Every structure is written in C-alpha cells, then in structure tokens.
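Have a look at the structure below, then the notes.
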Amino acid sequence: MTARRIATQAIPGQQAGTSGLRRKTRDFMAPHFLENYVQATLNGIGGAAGKRLVVGGDGRYFNPEAIQVILRMAAANGVAEVIVGRDGLLSTPAASHLIRLNKTDGGFILSASHNPGGIDADFGIKFNMANGGPASQTLADAIYDETQTIADYGMFDAHDIALHETGTRQLGDMTITVVDPVADYAALMAELFDFNAIAKLFAGGFGMCFDAMHAVTGPYAHKILEDMLGAPKGTVINGIPLPDFGKGHPDPNPIWAHELMGIMTGPDAPDFGAASDGDGDRNMIVGRGAYVTPSDSLALIAAHAHLAPGYAQGLSGVARSMPTSTAVDRVAAAKGMACFETPTGWKFFGTLLDAGKANLCGEESAGTGSDHVREKDGLWAVLMWLNIIAVSGKSVSALMQDHWQNYGRNYYSRHDYEAIDINVANRLVSDLKAKLDSLPGQSFAGLDVTEASDFSYRDPVDHSFVEGQGIQIKFAGDARVVLRLSGTGTEGATLRVYLEQLETDAARLNQTPEDALAAVKQAADEIAEITARTGRDAPDVKT
Ligand code: G16
C-alpha cells in the first residue's frame, strides 16, 4: 500500500452553488472529476496533514464508490483520522453534529440533497467546516481557485475499506473510525426535546406518518420515532435508503411527497404527517388536511420553541433567508427578539449561530434548524412540532389558526420554472435589474410598487459582503415578489418566483393561497414578463 501523486488538469466550472458542487452523476464518475474537487478542497483548507475529518453521505448512487475515493485520497494527503458513518451513511445534520462532537477539522458530505439520485440523475459533494457548517463563501472561493490551478492529486493504492461494521481500521497511517450514523444524533435529540411528553402522546393513540422518501432519514426516524418514542411500527414509511430513492424526487413538498399528502388528506388521515429529503436536512409538516408552509412553520416554532426543554430559556434571535416570508419577523417583533434577513443558503446563518445572535433559523425551501448543529435539520423540526403538540395539546390546524389570529397570515407560495434556457433566464434577470429604479410609483395588477432592489448583504459578524442575491419588489399593502435563479439545479436554469401577501383581517384568514396571491402573481408576471420570455404559462412546481 503506497501513496502516489496522479497528474491531472483543471476542469472548468467546478464552482460550488448554493450548497456545494452539484452535477450529473456521470460528471462525477468521469475521470478525475471527483478527485480534482476533493484535492482542491483539501488544498483550500490549508492542507490535510494531521487533520481529522468526518465523511458520509445520503446513500445515493455512487455514494459508496465516492467514499472509498475520499478515504484513499485522505490517507495519501496525511489525514490522521476519518470518522465515517456505517455503510457510508450520514444525514447532513448528523454529519454536522459529528464534526462538532468530535471537534474535527470539518467533513465531506456526499449528497445532492432533494435532487433525484441514480446514474442519470444527480450527485453532489460539500465540505463543512470545523463549526459543523457549510463552507463559507471565502472558503468556497478558495476551493474554486484551487480547482482552476490543480496539477495533481494524492491517491493511496489500497483495496476498499469495509464499512459495514462499526470499529476502527487503518489505511496506512490514517485511522478510519466507522460509527453508528444514528446513535449520537438520537442522543442529541433526546437532550433537546421532551421525549416523555412525546412518548405519552403516542401512547395515547396519537397517529403519525413520517415519509423518509427512500432516503437517509429512514434509519434515524425508525430509531427515534418508533424505538425511542414508541410510535407504532409502520409510522415511518419508505424508510430504507435506496440509491435511486425509489425513482422519486426526495423533496419534501406537496408535489413530490404526494404519497404522504394522499394519506394526510384521506379518510383515515393520522393526526400528524412529516417528510424529509435526500440528506435529511429539509422537512415538511402537515396536519390532518392542513399543509404548513415552511415559512409558517418557522414562525410557529419561533412562537412556541420555549415549550421544548432545550429552548426553555427562550430564543436569542431568529434569522430567515430573504425570500422566506416575513411571518417570523412578526413573532420576533412581538417577543422583542432580534430578527436577521440573510441571502439564500444555510451558510449565511453560520456566523449568527456561532456568535449567539440567533438560535433559530429557517428558509422557505423547507429548512429549519437551530444552534444544536450548523445545518438545517429535518427530524429536529419534526420533533419540535411533536413537542409543541404534546405540550400544548393542540392539533396542527388549531395551532396554525391561533397563530394567524395572533400575528396575521402571510399567504405565501413559491413558483419554480425549471430547466429553462440559461440565456433566457439570464436575460430576464438582467433586464429586470435594469428597470428596478423605474418601478417604484408604478402599478401592476392593481398593486403599487413601493420598493424594488437587488438584495445585498453585509454579514453583521464577519462583515463579509455579497451582492446580487435576488430581486425584491415590495408593494403597498404588505405584498412582495422575489425573483432569483436557483443555485442548486443541474439542468438549464431554474427561475424561482416567491409570492407573499400579508392578511390581518380575521375574516380573511382562510382563503386559498391561490386566491390570496392572485394579484401578486399577476404583478410578478407583468413586471418580469415570465410567460412571454419563458414560453411557460404555468410553473413546473408550486410550493
Ligand atoms: C440548499 C441550501 C439552502 C437553499 C436551498 C435552495 O438546500 O442549503 O440554503 O435554500 O438549497 O437553494 P436554491 O434556491 O439556490 O436552489 P439543500 O437542501 O438543497 O442543500
């Protein structure tokens, strides 16, 4: 067994998006593609000699092979220890926790999140830093620079390492510690939430369906919900991780989690439904016939988090991404909490969490989490809801109705136009930017524009600055449209259009979102000429 350097050439375009490098699986399987990116990352963090890393992934196609490559490269680069999940599995939040718990120098997480898996689908890799959180923009830039100048990478010649059983192995001088992917994470959840109250709820006949979508949260949900909390067997559906996620999109929204939505709107619907995504960081919450938008879920958690033991002291502050609805802002204002508005991307919450300025964060893209790790956390959100339901004794729909009565309702919907021509998308955005200054004072679909801007952000902790983070158009009457291009797609461009309308009239809190947002939708189309430019008369996905 020896280490050698293998000559390579820079591969153009290995630039991370919103969350690491996501590409077609076949791209990752092409010669040098994965290896270049891993070596660039190890160079970008200042070299790997003597470092300790966590490695794991969501179990999608190519996960096992990619982990073996990373282990061999880590050994060749002088890494001292790698902690890896059994069978190469780790959810993103569990990986974040292991990095923090074991005080490692960071870790590689292999996932393309909610994107489908398979040889003709998507793969991804991201590096999380020693705080457990996604690479900062500065580190992401450094890694990208390395990908553009790379000339060789280190590789240890060795057989595959067996990862089916926990315990330690050696690869040259490097120790590989294979751990149970669930145990430490489950112990953390038991510290944060009132497991006794939740267990009593289940013992009293409370019904739940958790859809793991054939992805990584299956083993976590079986262990925590069924084994530790006593939910009946069968509460978790689609609980075995499959390389192609059963040919589905492991994206927890009403479109892709249609099996769960069918159960929750059927005649024998249980009290509570939830789902998580490919790598376990996203969540969907649904009551009997009552879907909760991620933005509303964030606001409700902000209002009730003190019911969970880990948050009994109250929250230090909350943070949301700019496109996320302002529902949480209203809770923060009422409770006198700080509220931060960041660009899209969990990485922007890291400094706020580290500095203790916020300990609850959330995004419209089905992400919610706290300072217990440095990633959004699907099962954490589900357990938080269960804790709130158990202690308050209220159903999902009663909780939401009360919330809207107290704070008003932010009707909200995101419309995605997927795989559109990149040139068309870029032109739509640049033409829109060019006319932003002229919009205030004009009316569209009966709505008067009050502000139009391209979002930029200066981090209040490390003072780093980013611009071009999405176009925001505000209207009189607390309505808003946000438009931006996704940074996580792998085909063409995805235009995301976020629609929001606040309603505080108690008699108008139970409209359909379509009705409440009709004027905002029309205004967005008139301003950005979406239909005319894309040729699409309807979005591909509405959440
Ligand atoms: C990632 C990021 C999130 C972001 C989401 C959507 O989530 O971690 O912060 O909100 O992508 O980003 P975009 O709108 O650019 O596609 P995940 O769950 O895909 O890792």
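The values are calculated or read from the model by the stated rules, or taken from the named source; none is laboratory data. Keep in mind that this is a model prediction, so the values were computed, not measured. Here the Cβ positions follow ideal geometry from the backbone for every residue, glycine too, while neighbour counts run over all protein chains shown.
I'd like to check something: does the range 479-498 contain any residue that is in contact (Cβ under 8 Å) with a residue 40 or more places away in the chain and over 25 Å from the mean Cα position of the chain (by Cα)? Checked the range 479-498: at least one residue is in contact (Cβ under 8 Å) with a residue 40 or more places away in the chain and over 25 Å from the mean Cα position of the chain (by Cα).
Here E165, E146 are screened, and the one residue that is of a type in the set (D, E, K, R) and either touching a Gly at 6+ places or on another chain (Cβ under 6 Å) or surrounded by 15 or more Cβ atoms within 10 Å (Cβ to Cβ) (or both) is E146.
If you go through the range 245-270 and keep only what is surrounded by fewer than 16 Cβ atoms within 10 Å (Cβ to Cβ) and under 19 Å from the mean Cα position of the chain (by Cα), you end up with just I255. Within this structure, F349 passes the test of being in contact with a strand residue (DSSP E or B) (Cβ under 6 Å, 6 or more places away or on another chain), within 16 Å of the ligand (Cβ to nearest atom), part of a helix (DSSP H, G or I) and not charged (D, E, K, R). Residues in the range 423-445 that are within 17 Å of V497 (Cα to Cα) and either of a type in the set (G, A, S) or not assigned by TED's automatic domain parsing to the domain that holds A476 (or both): A425, S430, A445. Residues that are in contact with a helix residue (DSSP H, G or I) (Cβ under 8 Å, 6 or more places away or on another chain) and assigned to a loop (DSSP other than H, G, I, E, B) were ranked within the range 304-322; the one that is nearest to R496 (Cα to Cα) is L315.
Restricting the search to strands (runs of 3 or more DSSP E) fully inside the range 199-290 and requiring at least 3 residues that are among the aliphatic types (A, V, I, L, M) and touching a residue at least 60 places away in the same chain (Cβ under 8 Å) gives 283-287.
For the range 141-171, what are the residues that are in a loop (DSSP other than H, G, I, E, B), among the small types (G, A, S) and modelled with pLDDT of 95 or more? A151, A162, listed by residue number.
Does I99 satisfy the criteria of being crowded, with 21+ Cβ neighbours inside 10 Å, within 14 Å of the ligand (Cβ to nearest atom) and outside any loop (DSSP other than H, G, I, E, B)?
For I99, the condition - crowded, with 21+ Cβ neighbours inside 10 Å, within 14 Å of the ligand (Cβ to nearest atom) and outside any loop (DSSP other than H, G, I, E, B) - is not met.
Give the residues of the range 216-250 that are modelled with pLDDT of 95 or more and closer than 19 Å to T293 by Cβ, sorted by residue number. Those that are modelled with pLDDT of 95 or more and closer than 19 Å to T293 by Cβ: none in the range 216-250. Condition check for F108 on (1) out of contact with any Pro (no Cβ under 8 Å at 6 or more places or on another chain); (2) modelled with pLDDT of 95 or more; (3) more than 16 Å from the ligand (Cβ to nearest atom): one failure, at (3).
Selection of strands (runs of 3 or more DSSP E) fully inside the range 355-462 by the criterion of at least 1 residues being among the charged types (D, E, K, R) and surrounded by 15 or more Cβ atoms within 10 Å (Cβ to Cβ) returns 360-363, 409-420, 447-454. As for the range 325-346, it holds at least one residue that is at pLDDT below 95, within 27 Å of F127 (Cα to Cα) and within 16 Å of the ligand (Cβ to nearest atom).
One residue alone among V449, V482, V497 is outside the structural domain of P343 (by TED's automatic domain parsing), within 17 Å of E526 (Cβ to Cβ), aliphatic (A, V, I, L, M) and touching a His at 6+ places or on another chain (Cβ under 6 Å), and that residue is V497.
Applying the criterion of being surrounded by fewer than 24 Cβ atoms within 10 Å (Cβ to Cβ) and in contact (Cβ under 8 Å) with a residue 60 or more places away in the chain to the residues of the range 309-326, the residue that is nearest to P343 (Cα to Cα) is M322. Could you check how many residues of the range 516-543 are β-branched (V, I, T) and either modelled with pLDDT under 90 or within 26 Å of the chain's Cα centre (by Cα) (or both)? Looking only at that region, the number is 2. The residue that is surrounded by the most Cβ atoms within 10 Å (Cβ to Cβ), counting only those in the range 1-51 that are assigned to a loop (DSSP other than H, G, I, E, B), over 24 Å from the mean Cα position of the chain (by Cα) and small (G, A, S), is A48.
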